[in-house]
Amino acid sequence: MTLDEIIKSAKGEKESDILLTNARIINVFSGEIVVGNIAIADGYIVGFGSYSAKKTVDMKKRFVCPGFVDSHFHIESSMACITEFARAVIPFGTTTVIADPHEIANVLGADGINYMLESSKNQPMNIYFTLPSCVPATDMETSGARLGADDLSLFMGDDRIVALAEMMNYPGVIYRDPEVLKKIDLAKAHGKPVDGHAPGLTGKDLYAYIAAGISSDHECTTAREAKEKLDAGMHIMIREGTAAKNLLSLIPIVNERSSSRIMWCTDDRHPHDILEEGHIDSMVRKAVYRGIDPVIAIQMATINPANYFGISDVGAISPGRRADLVVFSDLHSLRIEEVYYGGVLVAQKGKILPGIKKPAPAAFQPSMNVGNKEIDFSIPAQTKRLRVIDIIPDQIITNQSIVEAVVSGNKVVSDITLDILKIAVVERHTSSGNIGKGFVRGFGLKRGALSSSVAHDSHNIIVVGTNDEDMKAAVEAVIKIGGGLAASCDNKICATLPLPIAGLMSQEPVYAVREKLDKLLEVARGFGTSLNDPFMTLSFLALPVIPELKITDKGLVDVKRFCIVPLFVD
């Protein structure tokens, strides 16, 4: 509509398209719930009360709130292309996502960002993006691309770009790396916020990080950490993903005084969690169950992220905002019954409606460039002691320890009795032949191997296993299917999940992806793992910006010291 038509519709001089009557409207500005009518014209809310409309829909005193907003999410972690991701989350009430295409950018660079922008067009939901700030995340790994401030400047003027994405290179900020500061200045020049990523950062280092202009963080794991960052002026994104679940730990920081600077995000959520638990609605539900006022929980899912990112036409039921609406009957046990996007009913009773068209898929390029060099996972013994990555269940942070090496034929091998398994990262972008090798404790495998080309953030091929032969078979399977996940045992492939889009995503529906992932998880449990999602856990063990010990194709990374360290110690 033109501005003239909007005003006419709001004044009632022009007939509205739809009038939703007898709705319990959740006002996220005042925190009140009032019974009334909502007039919608050309996809936008134009007013409340008595209006003439082409169509009237009785809400029957059900609650109506704004569509939910995920403040920080990597679509790639759903393992589905944008079209299928959208069709999976819309029935749960998510009508807007702020997506960080960091994963595909680390594989394909600017081409990956362009692919995501193109794929987001004509979807039945709002998809905004933040520009990846750390491609690569560090120089301690081999990525598929390198994006500097000049590369990012080509995208910053796009209206769909709402921020600079998570600045995980916090040492680069506090030690004033010129290229890092140039990226922050670029976002500031365009009036866009800079998202943070600073797990455990505290004191003067934290103050320096915030003083640089970084205004949010989604990596808090304790209420104490979150409160320090909140008190210092940051917006806090409470995360509940598949590998990292922080909602219960951070609930204590939410109250009437602080809640306006807090929002929900899922960050990385696998298909089975989306389909079984939901999306942002699941976080609202959990928060209310834990005692948070339902309206505050909804504000954190709607107006708070809209305000933070400066998206003025979503996040509230207000004249001039998009008619992206969620309908439900029980305020204290929220279950989504209907979802409107731009005034159109797009989902009902947990399913997207059959008439909602699918945009044509965007083209993508192959991304597996391992080369022909022999893959060798053997580790000659050097000393009697070695470093081990210690998994912390349901977290992406790790610990590290020093253990006695188990040696067989002058080679260090896995120790199944103590749950110390070999782990490796195979470079897949430049055919360099790099293989980082180490050991990890916490998977619980008694046999076989698991491998994946989803390995944050550079997404080389990561593998964990009880023996070299199965590890090699699993990696070769990932290469053969063009990227994805694989499980092997006795030198045979037991299950795979092809992810041909950058080795990260599939064009199949999310439920089909879930079925294949469930098969992989079933196989992994048969191998002995007790982890809820060993593939999600595996994917984060290559992330060299999350403490404490991680592994890349260049070796073990001590994140606290921000350097590569030897496997063996004296």
Exactly one of these conditions fails for residue 496: (1) more than 19 Å from residue 542 (Cα to Cα); (2) touching a residue at least 40 places away in the same chain (Cβ under 8 Å). Give me its number. (2)
For the range 105-127, check the following and say yes or no: at least one residue is assigned to a loop (DSSP other than H, G, I, E, B) and hydroxyl-bearing (Ser, Thr, Tyr). yes
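May I ask you to verify whether residue 437 is modelled with pLDDT of 95 or more and more than 29 Å from residue 480 (Cβ to Cβ)? Steps first, answer last, please.
Numbers: modelled with pLDDT of 95 or more: yes; more than 29 Å from residue 480 (Cβ to Cβ): no.
Considered against the rule, which asks whether it is modelled with pLDDT of 95 or more and more than 29 Å from residue 480 (Cβ to Cβ), residue 437 comes out as no.
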Tally the residues that are part of a helix (DSSP H, G or I), more than 21 Å from residue 63 (Cα to Cα) and touching a residue at least 24 places away in the same chain (Cβ under 8 Å), restricting the search to the range 268-283. 5
Filter result for the condition that a residue is at pLDDT 95 or above and closer than 25 Å to residue 102 by Cα, over 474, 424, 487, 449: 424
Only one of (1) over 28 Å from residue 100 (Cβ atoms); (2) at pLDDT below 95 fails for residue 397. Which number is that? (1)
Regarding residue 395, is this residue surrounded by 14 or more Cβ atoms within 10 Å (Cβ to Cβ), in contact (Cβ under 8 Å) with a residue 40 or more places away in the chain, in contact with an Asp or Glu (Cβ under 7 Å, 6 or more places away or on another chain) and not assigned by TED's automatic domain parsing to the domain that holds residue 46? no
Return a yes/no flag: does the range 70-77 have any residue that is closer than 30 Å to residue 533 by Cα and touching a Ser or Thr at 6+ places or on another chain (Cβ under 7 Å). yes
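Hey, which of the strands (runs of 3 or more DSSP E) in the range 135-219, taking only ones fully inside, have at least 1 residues that are free of Cβ contacts under 8 Å to residues at least 24 places away in the same chain and either closer than 30 Å to residue 501 by Cβ or over 20 Å from the mean Cα position of the chain (by Cα) (or both)?
Working: elements: 161-167, 194-196, 214-217.
By residue number, 214-217.
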How about the range 294-309: which of its residues are under 16 Å from residue 257 (Cα atoms) and within 18 Å of the chain's Cα centre (by Cα)? 300
Among (1) without any contact (Cβ under 8 Å) to a residue 40 or more places away in the chain; (2) surrounded by 18 or more Cβ atoms within 10 Å (Cβ to Cβ), the one test that residue 35 misses: (2)
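Restricting attention to the range 370-388, does a residue exist that is small (Gly, Ala, Ser) and in contact with a helix residue (DSSP H, G or I) (Cβ under 7 Å, 6 or more places away or on another chain)? Give the steps one after another, and end with the answer.
Pass one, the range 370-388, residues small (Gly, Ala, Ser): 371, 378, 381.
From the residues that got through so far, the ones that are in contact with a helix residue (DSSP H, G or I) (Cβ under 7 Å, 6 or more places away or on another chain) too are 378.
Yes: one or more hits.
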Going through (1) over 24 Å from the mean Cα position of the chain (by Cα); (2) of a type in the set (Ser, Thr, Tyr); (3) under 30 Å from residue 82 (Cα atoms) one by one, residue 458 fails only at (1)
If we keep just the residues of the range 458-493 that are in contact (Cβ under 8 Å) with a residue 12 or more places away in the chain and of a type in the set (Lys, Arg), which is surrounded by the most Cβ atoms within 10 Å (Cβ to Cβ)? 472
Out of all the residues in the range 79-98, which are over 21 Å from residue 366 (Cβ atoms) and either surrounded by 24 or more Cβ atoms within 10 Å (Cβ to Cβ) or aromatic (Phe, Trp, Tyr) (or both)? 85, 86, 89, 90, 92, 93, 94, 95, 96, 97, 98
Report, by residue number, each residue of the range 279-303 that is of a type outside the set (A, V, I, L, M, F, W, C), under 13 Å from residue 254 (Cα atoms) and in contact with a His (Cβ under 9 Å, 6 or more places away or on another chain). 294
Looking at 139, 151, which one is acidic (Asp, Glu), modelled with pLDDT of 95 or more and out of contact with any strand residue (DSSP E or B) (no Cβ under 8 Å at 6 or more places or on another chain)? 151
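The values are calculated or read from the model by the stated rules, or taken from the named source; none is laboratory data. Not measured: the values here are computed from a predicted model. Methodologically, a virtual Cβ is constructed for each residue, glycine included, from the backbone with ideal geometry; neighbour enumeration extends over all protein chains shown.
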